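Please read the structure below before turning to the comments.
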Amino acid sequence: MQLSDFVRTVGQEWMRRYRGRVGKLSLSAGFTCPNRDGTVGRGGCSFCSVSSFSGARETSVSDQIRAQKDQGSDFYFAYFQAYTSTYGEVESLKKLYDEALSHESVIGLSVGTRPDCISDECLDLLSSYQDAGSHVIVELGLQSIHDRTLRLINRGHDAGCYRDSARRILVRGLELCTHLIVGLPGESLDDNLISLEAALESGSHGLKLHPLHIVRGSRMASDYRRGEIRLLSRDEYVARAGEMIARTPSRIVYHRVSATAMDGTLIAPEYCRRKFEIIDSLTNYLARYGVQGSAVGDPYVPEELTKTDV
């Protein structure tokens, strides 16, 4: 029994599409964030560590790709993950994206960004790669659709900004993956479900769920130490995530159902050190209470992989 028996996981989806194993190469390209440099705000989102991603690129994109490609995969996505990976002049972005796509077996780009930091010029650039045959995914950090929460965590944009960015991404035919944090301060399961519904209504093709976790160097670290933040237990997170998955139509691809922190940075909760423990618990939950889409009358049915698929 595995998660993909109950959820449309990105790994299985890509294996069917590309008839091979597909990995992601996490790249840091020296980006910063408009919520740190004063363009939008300073200090960043309250859950983000000051040192979680380095704004200085230590090695080239090509060197990072070569260092990571020995993962046993047949194909790779170049995943521009660190900070806001559309935050720069289009000419500079093009050089970085071109460099990544020049490598053999790199079939596409996965670009992590903020709703307030993706210009039409950048989207046109990303569209040009897709038109040329690359697979392009824009990973948009929403976290919550509730403006009160976005203000509380110093996000620096509102829900309307997300909806506008999602529309501009989709009108160009690009693939959209929306990130949601489960367990943000003051949010209930109902709040999480409203955020989920907003992501689905926006037209998202994929979703990433993250439990709220506290990392060193973040504003939330101080709040947590003062007892001002209550974190979800593992069972509480699994129940919330399971309910959200059950309310997600079967066509939606889950890119992630949990998250871990970098070694040495995690303060709490302890279960975020053990990603597969959460995945196993969530698999058992879904086996008991219902697969993806079961709560909306659209249950996920896993497609069998044949020998010709791999």
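When we measure straight from the Cα of residue 208, which lysines land under 22 angstrom away, once same-chain ones fewer than 8 places off are left out?
Straight-distance partners of residue 208: 24, 275.
Could you tell me which of 229, 179, 212 has its Cα farthest along the dipole of the chain towards the positive end, charges placed at Cβ (Lys, Arg +1; Asp, Glu -1), taken about the Cα centre?
In the chain, that residue is 229.
Could you work out how far the C-alpha centroid of the range 241-287 sits from that of the range 140-192, in angstrom?
Each part's Cα centre sits 19 Å from the other's.
Can you compute log10 of I(q)/I(0) for the chain with the Debye formula, treating each Cα as one identical point scatterer, at q = 0.09, 0.14, 0.15 Å⁻¹?
-0.44, -1.16, -1.36
Put a dot 7 Å past each Cα toward the Cβ at residue 226 and residue 95; how far apart are the dots in nm?
4.4
Can you give the FRET efficiency for residue 26 and residue 303, using 1/(1 + (r/R0)^6), R0 = 41 Å, r = Cβ-Cβ distance, to the nearest 0.05?
That pair, residue 26 with residue 303, gives E of 0.90.
How much accessible area per residue does the chain have, in Å², with a 1.4 Å probe?
44
With each label point set 7 Å from Cα along the Cα-Cβ vector, what nm distance links residue 276 and residue 288?
2.2
Placing +1 on the Cβ of each Lys and Arg and -1 on the Cβ of each Asp and Glu in the chain, which of 297, 284, 245 has its Cα farthest towards the positive end of the resulting dipole?
284
Treating the Cα atoms of the range 211-294 as identical point scatterers in vacuum, please give the log10 of the normalised Debye intensity I(q)/I(0) at q = 0.23 Å⁻¹, two decimals.
-1.06
Full extension from residue 105 to residue 60: what is 0.36 nm times the residue separation minus their Cα-Cα distance, to one decimal in nm?
Values: separation 45, 0.36 × 45 = 16.20 nm, distance 1.79 nm.
Value of the extension gain: 14.4 nm.
Mind grabbing the base-10 log of I(q)/I(0) for the range 143-186 at q = 0.24, 0.25, 0.30 Å⁻¹? Debye formula, identical points on the C-alpha positions, no solvent, two decimal places.
Each listed q maps to, in turn, -0.85, -0.89, -1.08.
The values are calculated or read from the model by the stated rules, or taken from the named source; none is laboratory data. Every value quoted in this text rests on a predicted model; they were computed, and no experiment measured them. Virtual Cβ from ideal backbone geometry, glycine too; neighbours counted across all protein chains shown. Areas reflect the complete protein model, heavy atoms only, side chains present, ligands, DNA and RNA absent. Shrake-Rupley method; radii C 1.70, N 1.55, O 1.52, S 1.80 Å.
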